[in-house]
Amino acid sequence: MSMPTRTISAARVAALVGPFDRAPAYAGLAEALSLLVGDGRIPYDTRLPSERELTEALAVSRTTVTRAYAVLRETGYAEARQGAGTFARVPGGRQQVRDRALLPRPDAIDAIDLGCAAASAPPGVAAAYADAAAELPAYLGGHGYFPVGLPALQEAIAASYEKRGLRTDPDQVMVTPGALTAASIVATAFTGPRDRVLVESPVYPNATQAIRNSGARLVGSPVDPEGWDLGAVGTALREVAPTLAYLIPDFQNPTGHLMSDEQRAQYARHLRRSGTVAVVDEAHQALALDGQEMPLPFASHSSSTITIGSASKSTWGGLRLGWIRAPRERMEALTRARLGLDLGAPVMEQLVLTRLLADPAPLLTAHRARLREQRDALLGALAEQLPGWRWLRPSGGLAVWCQLPSASATALVAEADRAGVFIAPGPAFAAEGGLDRFVRIPWTRPADDLTEAVRRLAAAWEVVAVRGAADASRPRRVMVA
């Protein structure tokens, strides 16, 4: 299914480019444009402004733009099509940047993947990699293993908690290759086959699988479409007496709920009574999209809390870095467990994240603005084209949790797959089965893609509503939530 041609105005390109190196100007412009394409701010296959339009918008010579476009074509960041214009590309072509495990069908070139709630890199990531590469040689003379993380990055992460009102020393921080590894380390350190872990349902399925691998038994605690029932949580903690409780209080995945300070304090009281340690996933914490003041970290209410953080959602999934913040007395057990899994996270990526955390505001401001625009486009399209679906407008995070008029999510996903849009059904997020009346839809693609995706979903829903939920076959796909 072909997508309409995406274009970008000269004024928009000029705003994105901003000041650039003019020695010589064409090389500086070409570098700036290639970074924009690489960061995803100029999406793949977007038609670029004509040379004349960009010349006027940038107030440069026509030769500067002509030579810059030539460099883009030579380096694989643009393609000229006779009579159609110049289009953004990536070196090696689109197939080089698509994962066959996530998009296994060879004919999925025009598919809109909304199964993975992760956005493309925001502005500044490519530049941080370039700066970190210059710093890397200083580390090449050593063994390169940092089991708890580069000291500079531990300090930067600790400082980020201090800014949020939670006193943290660098030695309370362990850097990991992503939040999933962090969850595995925590589960390995503190649970075994006889232990129970309370998990929310619906819940982030990759994390619960990581916890399940330790042999612990998972016990589901429902999260309603309207939010947490903390009375039910207290009852479950009292009856089950789990060793750990895994929860996502900040823009819960997949519901998007945000737990208030009062709710956190109440939850913490329940945990103290049952002797349960909270494992708090803060992967979406930095993604407040409505300018609201965020609640205090959960660990401010429960000092025994083990907190998991991640750069994947607030920065870029390809950075593959996460971390654990824990009480000092638990760090030795975490370190022993970690050494049975790996010996540290890549140095290069740690240098990148250290630089980004030194001044996170520019990256986060741009990232949130883009996500806010995409969220509003998605929710507007859903309200217009699927008025029978129910959902609450999330104030942050990456996705909306939609309740269907009937238990047809699995059938809808199969029909949508055939229509070229991939979403995740509710049962994928169920800790103990069910939830076939729900689907999760991320707003992690450009607004035009999201509008088109909803159009395809509406057509698929119409088919399912008429035919019923009999045919639920669909290609099996790796779940990256």
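The values are calculated or read from the model by the stated rules, or taken from the named source; none is laboratory data. For clarity, every value in this text was computed on a predicted model and none was experimentally measured. Counting neighbours? That spans all protein chains shown, and the Cβs are built from the backbone with ideal geometry, glycine included.
Tabulated data for the structure shown
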| item | result |
| --- | --- |
| Subset of segment 164-203 [among the charged types (D, E, K, R) and under 29 Å from VAL400 (Cα atoms)] | ARG164, GLU200 |
| Residue in segment 240-247 that is surrounded by fewer than 20 Cβ atoms within 10 Å (Cβ to Cβ), in a helix (DSSP H, G or I), modelled with pLDDT of 95 or more and more than 24 Å from the chain's Cα centre (by Cα) present | no |
| Number of the exception - ALA345 against (1) touching a strand residue (DSSP E or B) at 6+ places or on another chain (Cβ under 6 Å); (2) under 30 Å from GLU155 (Cβ atoms); (3) not assigned by TED's automatic domain parsing to the domain that holds PRO151 | (3) |
| Whichever residue in segment 314-348 is at pLDDT 95 or above and under 17 Å from the mean Cα position of the chain (by Cα) and, among such residues, is farthest from ALA183 (Cα to Cα) | LEU321 |
| The lone exception for THR276 - which of (1) crowded, with 21+ Cβ neighbours inside 10 Å; (2) within 25 Å of ARG440 (Cα to Cα); (3) not basic (Lys, Arg) it fails | (2) |
| Unmet requirement for GLY397, which otherwise passes all of (1) in contact with a Leu (Cβ under 8 Å, 6 or more places away or on another chain); (2) crowded, with 19+ Cβ neighbours inside 10 Å; (3) at negative phi | (3) |
| When residues of segment 87-128 are limited to those that are among the β-branched types (Val, Ile, Thr) and either assigned to a loop (DSSP other than H, G, I, E, B) or surrounded by 20 or more Cβ atoms within 10 Å (Cβ to Cβ) (or both), the one modelled with the lowest pLDDT | ILE109 |
| Some residue of segment 302-313 being crowded, with 19+ Cβ neighbours inside 10 Å, more than 25 Å from the chain's Cα centre (by Cα) and touching a residue at least 12 places away in the same chain (Cβ under 8 Å) | yes |
| Some residue of segment 374-383 being at pLDDT 95 or above, surrounded by fewer than 18 Cβ atoms within 10 Å (Cβ to Cβ), within 20 Å of the chain's Cα centre (by Cα) and within 30 Å of ILE8 (Cβ to Cβ) | yes |
| Selection status of GLU293, surrounded by fewer than 18 Cβ atoms within 10 Å (Cβ to Cβ), assigned to a helix (DSSP H, G or I) and more than 20 Å from the chain's Cα centre (by Cα) | no |
| Residues of segment 352-374 classified as more than 22 Å from LEU36 (Cβ to Cβ) and either of a type in the set (A, V, I, L, M) or assigned by TED's automatic domain parsing to the domain that holds ALA460 (or both), total | 2 |
| Test: residue in segment 65-75 that is within 24 Å of ALA369 (Cβ to Cβ) and modelled with pLDDT of 85 or more | no |
